[in-house]
1. Kindly indicate whether any position in segment 155-163 is modelled with pLDDT of 95 or more and of a type in the set (S, T, N, Q).
2. For segment 106-121, which positions are within 12 Å of F73 (Cα to Cα) and hydroxyl-bearing (S, T, Y)?
3. Give segment 62-80 a look and list any residue that's out of contact with any strand residue (DSSP E or B) (no Cβ under 6 Å at 6 or more places or on another chain) and buried (at least 17 other Cβ atoms within 10 Å of the Cβ), or say none.
4. Would you list the helices (runs of 4 or more DSSP H) that sit entirely within segment 53-165 and hold 2 or more residues that are within 16 Å of ligand 2 (Cβ to nearest atom) and without any contact (Cβ under 8 Å) to a residue 60 or more places away in the chain?
5. Only one of these is touching a Ser or Thr at 6+ places or on another chain (Cβ under 7 Å) and within 16 Å of ligand 1 (Cβ to nearest atom): N36, N60, N77. Name it.
Amino acid sequence: MSNLLVINFEIILIILKVIINILGQDTVTSNYEFFNECYGELGCISTDIKWYNETYRPVNLKPLERQKIKTEFLVINRNANNQSELTYSTVTNEPQFLKTVCFGSHKKLLLLIHDFTSNGYTGWIKHIAQKLICDNSYIIISVDWQNGADPPLDQAVANARLVALEINYFLKNVQVYSFV
Ligand SMILES: *[C@@H]1O[C@H](CO)[C@@H](O)[C@H](O)[C@H]1NC(C)=O
Ligand SMILES: *[C@@H]1O[C@H](CO)[C@@H](O)[C@H](O)[C@H]1NC(C)=O
């Protein structure tokens, strides 16, 4: 008899929990996913109640994997054989490679970053590069994160946070190794 009561009580508890879960899904934080993801040397991305904002950040997804987004830093130069053509060469975000891209010169670094559904070879980046490249006082780098910039927008927005960490890490490396 008392065993039966205990079991009934447990069943009621389970049903209550299910109901609470269902109701919970209708609250404003239903799209809300709490997470804290770390990416080695890049640092961490976390989404907590402070990050959530009903108006500005109602949906917060986890960024895609770093290898999937595959952020690339493309150094833009002029084709040696044809000055009106641009060349794009990937520079690895590691000190020994960065050093070879004429860092240490007194050129200014110009980072160009595309937006949603675009890529590092897009028209406006080309136009800016073509205008400024003659000046010879810039190192022009286009940040390509095409694989992370595809729809849906909410996913691309989340991916952009990881791209921001990549850029931050890149700039840190540049600062440390450009003036040695
Ligand atoms: C959402 O963001 C706006 C703009 O930054 C801010 O004014 C507002 O207080 C935020 N709302 C909450 C609930 O934090
Ligand atoms: C140089 O490149 C431009 C743009 O692609 C092209 O129109 C032009 O014919 C090229 N010139 C030579 C000499 O190959």
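1. Residues of segment 155-163 that are modelled with pLDDT of 95 or more, as a first pass: 155-163.
If we keep only those that are of a type in the set (S, T, N, Q) as well, we get 155, 159.
Yes, segment 155-163 contains a residue that is modelled with pLDDT of 95 or more and of a type in the set (S, T, N, Q).
2. Y121 - this is the single residue of segment 106-121 that is within 12 Å of F73 (Cα to Cα) and hydroxyl-bearing (S, T, Y).
3. Within segment 62-80, the subset out of contact with any strand residue (DSSP E or B) (no Cβ under 6 Å at 6 or more places or on another chain) is 63-71, 78, 80.
Of everything in segment 62-80, those that are out of contact with any strand residue (DSSP E or B) (no Cβ under 6 Å at 6 or more places or on another chain) and buried (at least 17 other Cβ atoms within 10 Å of the Cβ) turn out to be P63, L64, R66, I69, T71.
4. Values: elements: 66-69, 95-98, 123-133.
Result: 123-133.
5. Working: N36 fails: within 16 Å of ligand 1 (Cβ to nearest atom); N77 fails: within 16 Å of ligand 1 (Cβ to nearest atom).
The conditions single out N60.
The values are calculated or read from the model by the stated rules, or taken from the named source; none is laboratory data. Model, not experiment: these values are computed from the prediction. FYI the Cβ positions are ideal-geometry reconstructions off the backbone, even for glycines, and counts take in every protein chain you see.
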